[in-house]
Amino acid sequence: MKGWQLSFDEESLDGAENCEVEISHVGDSEIIAKVDGFEVVAPIVFHSPYHVFCSCKSKYSCKHEAALIFYIEKHPELLKNSQREDDLIISIDENQLRDFLKNEMKQNSKLKKAFLDKFGNESVIDKQYYIDKLDQVFRSGEDRSFVDFGIYNIDMMEYALYEFMNNELPKILEMREHSFACSLVEKIAEILGDDLAVSHDSWYGLVEDFMEYVYILEDSIYLTSDERKSLERATSEIVSYL
Ligand SMILES: [Zn+2]
């Protein structure tokens, strides 16, 4: 016997068996039913009925109330209404959730459409993150001559710039954000294209890697002709030293 049954007399519990329960509403916070024609409301608190009340004239807990509680016990899915999903979405590992969504969208075109409608226009990358990261790279090349003449020390930023080009740019291209990659490449070009930059030992090595990305972007189907022209302009200085 369950604890809640202690609130009912034996007659109500026995009588409940023969009551006809017809659920009329299932909500997050209450379940309402017609039991033998009487309306019974079961408020739901923490996924369980609490203080169930009936519209019949009985002074105490009645068989209709007991009938509805028995019914809810037998049909726990009534209590899982949305809350169960919400709980799971919070508790499931995000990679599992992503895999599920990916697989599900392959077969469920409606879900795929809803997903694209909702997120299709949003950029998939955090652009500010990459802009800040590239700024940091440039900061690492600021020495005395930068303070005095605004000239970056390419040798000092060599490692950070390699890192950025070979770790971050591929990620951006992987996400088909070619226009954005192009804008970052142009920023790098401004620094590598400075005629004093050529005097650094690290310049040729960096430019070799750098030009790989320039060529990839120039051939890219994602850039507009204006973007490509702009990229060619930005890199023309560098190309002239090669
Ligand atoms: Zn009743």
Enumeration of residues in the range 14-31 that are outside any strand (DSSP E or B) and buried (at least 18 other Cβ atoms within 10 Å of the Cβ): A16, C19
Quick check on G37: is it within 16 Å of C56 (Cα to Cα) and loosely packed, with under 14 Cβ neighbours inside 10 Å? yes
Any hit, the range 9-18, residues being more than 18 Å from K74 (Cα to Cα), more than 47 Å from the chain's Cα centre (by Cα), free of Cβ contacts under 8 Å to residues at least 12 places away in the same chain and within 14 Å of the ligand (Cβ to nearest atom): no
Can you find even one residue in the range 59-67 that is within 16 Å of the ligand (Cβ to nearest atom), among the hydroxyl-bearing types (S, T, Y), surrounded by fewer than 11 Cβ atoms within 10 Å (Cβ to Cβ) and modelled with pLDDT under 90? yes
Filter pass, E186 being modelled with pLDDT of 90 or more, loosely packed, with under 15 Cβ neighbours inside 10 Å and not small (G, A, S): no
Filter result for L79 (surrounded by 12 or more Cβ atoms within 10 Å (Cβ to Cβ), on the phi < 0 side of the Ramachandran plot and in contact with a His (Cβ under 7 Å, 6 or more places away or on another chain)): yes
Which members of the range 118-164 meet the condition of being within 18 Å of D195 (Cα to Cα), surrounded by 12 or more Cβ atoms within 10 Å (Cβ to Cβ) and of a type in the set (D, E, K, R)? E142, D143, D155, E158
Within the set of pairs 6+ apart or on separate chains, which have a first residue in the range 34-52 that is over 13 Å from I69 (Cβ atoms) and within 16 Å of the ligand (Cβ to nearest atom), a second that is not in a strand (DSSP E or B) and not acidic (D, E), and C-beta atoms under 8 Å apart? D36/C19; D36/H64; D36/A67; F38/S55; F38/C56; F38/H64; E39/S55
Criterion first (touching an Asp or Glu at 6+ places or on another chain (Cβ under 6 Å), of a type in the set (A, V, I, L, M) and modelled with pLDDT of 95 or more) does A234 satisfy it? yes
Against the condition in the same structural domain as E174 (by TED's automatic domain parsing) and of a type in the set (S, T, Y), how does S91 come out, does it pass? no
Given (1) farther than 11 Å from I72 by Cβ; (2) not in a loop (DSSP other than H, G, I, E, B), identify the lone condition not met by W4. (1)
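The values are calculated or read from the model by the stated rules, or taken from the named source; none is laboratory data. Just so it is clear, the structure is predicted and the values come from calculations on it, not from any experiment. Because the Cβ atoms are built from the backbone with ideal geometry, glycine has one as well, and the counts that use them run over all protein chains shown.
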